[in-house]
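The values are calculated or read from the model by the stated rules, or taken from the named source; none is laboratory data. Because the structure is predicted, anything quoted here is derived from the model rather than measured. Counting neighbours? That spans all protein chains shown, and the Cβs are built from the backbone with ideal geometry, glycine included. These accessible areas exclude ligands, DNA and RNA; they are computed on the full protein's heavy atoms, side chains included. Shrake-Rupley method; radii C 1.70, N 1.55, O 1.52, S 1.80 Å.
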Amino acid sequence: MAGSVHGGTENTMTTNALVQLTNVGRTYNNAAVAALDGVSLTVEHGEFTAIMGPSGSGKSTLLNVVAGLDRPSSGRVVVDGIELTGASETALARYRRTRIGFVFQFFNLLSNLTVIENVMVPAQLAGTRPAAARTQARQLLHDLDIASVERSYPQNLSGGERQRVAIARALINKPALVLADEPTGALDSRTGTQVMELLDALNQRGQTILLVTHDVNLATGHGRRVVSLRDGAIVDDARIQPRRKAEPAELVRLGAGEL
């Protein structure tokens, strides 16, 4: 879906492209090695793409550039028809509120707000009335099988429950793209697997996901495409054989209430 944001420019992208990076570079303080070095990457609507590489490879910088949190030193970045390069800070903030959903390693939930209040925050920042935001948040918590904890505070939840709350928060504004930055890094392996299965189910419903991970098993086990970075450059871009899709009934409640 193409669109425009004040301070950005509407662009024509490759057919079905959601994210398009063209020869993107990013350097910091004249570093000898660029964080990103001439990266060109297209992500299509509905893809589950894993960005992987060792520490310092540039994967987090790439995610931040796509998120509009960091500006490229060179090249162009277009997401959902929005030209991010040169956009104003106000335009980038609006873009992040309306087009992007974030899932972080350490959840980034507000400890003084209840679960449902945490989920409502992005919707309210985007201008949704409180009553409507609460209805949307409650439905997401139901869909993610954590409706029973809506009045709880984050510190009283398990790690898996907190990550589900973070995913609900990421989805409330119906973003074009979900960015997941090491989403299982703070979880045990069993809970991490369940969270990744949840992201799989969301992708099977059509959600585009860009996952950053250093874990090759996560990347190849869940991504449908794995892009490998080293020293700020793409060194490999591989498609993964699709696995059996979940049955529709499995996707109505994204469930695993054991989290």
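Within the range 33-108, considering only strands (runs of 3 or more DSSP E) that don't extend past its boundaries, which have at least 1 residues that are open to solvent by less than 10 Å² (accessible area, probe 1.4 Å), at positive phi and aliphatic (A, V, I, L, M)? Before the answer, list the steps.
Details: elements: 36-44, 48-52, 74-79, 100-103.
No strands (runs of 3 or more DSSP E) qualify here.
Looking for something farther than 20 Å from GLN207 by Cβ, at pLDDT below 95 and surrounded by fewer than 19 Cβ atoms within 10 Å (Cβ to Cβ) - is there at least one such residue anywhere in the range 131-146?
Taking every residue of the range 131-146 in turn, none turns out to be farther than 20 Å from GLN207 by Cβ, at pLDDT below 95 and surrounded by fewer than 19 Cβ atoms within 10 Å (Cβ to Cβ).
Which strands (runs of 3 or more DSSP E) does the range 172-237 wholly contain that include 2 or more residues that are open to solvent by less than 20 Å² (accessible area, probe 1.4 Å) and more than 21 Å from ARG96 (Cα to Cα)?
Details: elements: 177-181, 208-213, 225-230.
Of the strands (runs of 3 or more DSSP E) lying wholly inside the range 172-237, those with at least 2 residues that are open to solvent by less than 20 Å² (accessible area, probe 1.4 Å) and more than 21 Å from ARG96 (Cα to Cα) span 225-230.
If you take the residues in the range 109-127 that are in contact (Cβ under 8 Å) with a residue 40 or more places away in the chain and crowded, with 18+ Cβ neighbours inside 10 Å, which one is nearest to ALA186 (Cα to Cα)?
Residue satisfying both the conditions and the ranking: LEU109.
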